[in-house]
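Data block below; observations after.
The values are calculated or read from the model by the stated rules, or taken from the named source; none is laboratory data. In this text, all values refer to a predicted model and were calculated from it rather than measured experimentally. Positions of Cβ are backbone-derived with ideal geometry, glycine not excepted, and every protein chain shown enters the neighbour counts.
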């Protein structure tokens, strides 16, 4: 159905963060998405044509997250299928799935262009505080959206694209006397250290670290039992502003 293919409601969430005199958030997010998705489609095409299973699942994993961030639900589902096939080294139906993905992108691109044309950019300002939040995510668009949301909520944000960077940044901040009040850790990172190992290393550096596990999967061993792995809260992606605000307020205050 049409509802299952595309959900424009995510942009209402982003629109709430718009501040007067600032670049339009919705337009920035859509531009970032369109810029990033085309090379990923090419990478997936090359991977399927060349029988490169690892390249396929990594590109599909990244695109899946980006699609969810702009409400492209059918594209996200197709990427999930391609990621699964890549992880299993099974190229059955991959050309068909990829063709369907490219056709769906053509449709979604038109809808996103229309949303950009209709965006007004109205919004209100927020008070700022000095608390620092670390965000680790392998997906550039997810990092950018998280940064915009968290800055809108009044925090200072530092970004990392993998666990190694997150651990280094956390240690440097602690040693400088300006530690992070909390860190959001993406669970699955194709290129580099993921959230589970990074959280364990950060906990070795700081037993009181306030860590939040984030994932595009709503269930799973670590997500369901996050406290056993050193996390104090969990967040599903794509982020909802209200959920993010509640988790950060509870995490920073605790």
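Exactly one residue among 185, 193, 149 is outside the structural domain of residue 58 (by TED's automatic domain parsing), closer than 24 Å to residue 220 by Cβ, crowded, with 22+ Cβ neighbours inside 10 Å and modelled with pLDDT of 95 or more, and that residue is 185.
If you filter segment 231-254 down to residues that are part of a helix (DSSP H, G or I) and in contact (Cβ under 8 Å) with a residue 12 or more places away in the chain, you find that the one that is surrounded by the most Cβ atoms within 10 Å (Cβ to Cβ) is 248. Restricting attention to segment 142-164, the residues that are in a helix (DSSP H, G or I) and touching a helix residue (DSSP H, G or I) at 6+ places or on another chain (Cβ under 9 Å) total 10. Residues of segment 22-46 that are modelled with pLDDT under 90 and loosely packed, with under 14 Cβ neighbours inside 10 Å: 23 alone.
Taken across segment 56-67, residues that are modelled with pLDDT of 95 or more and either outside any helix (DSSP H, G or I) or surrounded by fewer than 19 Cβ atoms within 10 Å (Cβ to Cβ) (or both) do not occur at all. Step by step: first the residues of segment 1-21, then only those that are free of Cβ contacts under 8 Å to residues at least 24 places away in the same chain and out of contact with any helix residue (DSSP H, G or I) (no Cβ under 9 Å at 6 or more places or on another chain), then the one that is surrounded by the most Cβ atoms within 10 Å (Cβ to Cβ). Which residue is that? Looking at residues that are free of Cβ contacts under 8 Å to residues at least 24 places away in the same chain and out of contact with any helix residue (DSSP H, G or I) (no Cβ under 9 Å at 6 or more places or on another chain), I get 12.
Against the list (1) in contact with a helix residue (DSSP H, G or I) (Cβ under 8 Å, 6 or more places away or on another chain); (2) closer than 26 Å to residue 191 by Cβ; (3) surrounded by fewer than 22 Cβ atoms within 10 Å (Cβ to Cβ); (4) at pLDDT 95 or above, the condition residue 49 fails is (1).
For segment 1-13, state whether one or more residues are assigned to a helix (DSSP H, G or I), under 19 Å from residue 81 (Cβ atoms) and within 21 Å of the chain's Cα centre (by Cα). Scanning segment 1-13, I find at least one residue that is assigned to a helix (DSSP H, G or I), under 19 Å from residue 81 (Cβ atoms) and within 21 Å of the chain's Cα centre (by Cα), so the answer is yes.
Among the conditions (1) in contact with a strand residue (DSSP E or B) (Cβ under 9 Å, 6 or more places away or on another chain); (2) loosely packed, with under 15 Cβ neighbours inside 10 Å; (3) within 24 Å of residue 24 (Cβ to Cβ), the only one that residue 178 does not satisfy is (3).
For every residue, the table says whether it meets (1) touching a helix residue (DSSP H, G or I) at 6+ places or on another chain (Cβ under 7 Å); (2) closer than 24 Å to residue 176 by Cα; (3) modelled with pLDDT of 95 or more.
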position: 206; (1), (2), (3): yes, yes, yes
position: 210; (1), (2), (3): yes, yes, yes
position: 215; (1), (2), (3): yes, no, no
position: 218; (1), (2), (3): no, no, no
position: 221; (1), (2), (3): no, no, no
position: 237; (1), (2), (3): yes, no, no
position: 246; (1), (2), (3): no, no, yes
position: 252; (1), (2), (3): no, yes, no
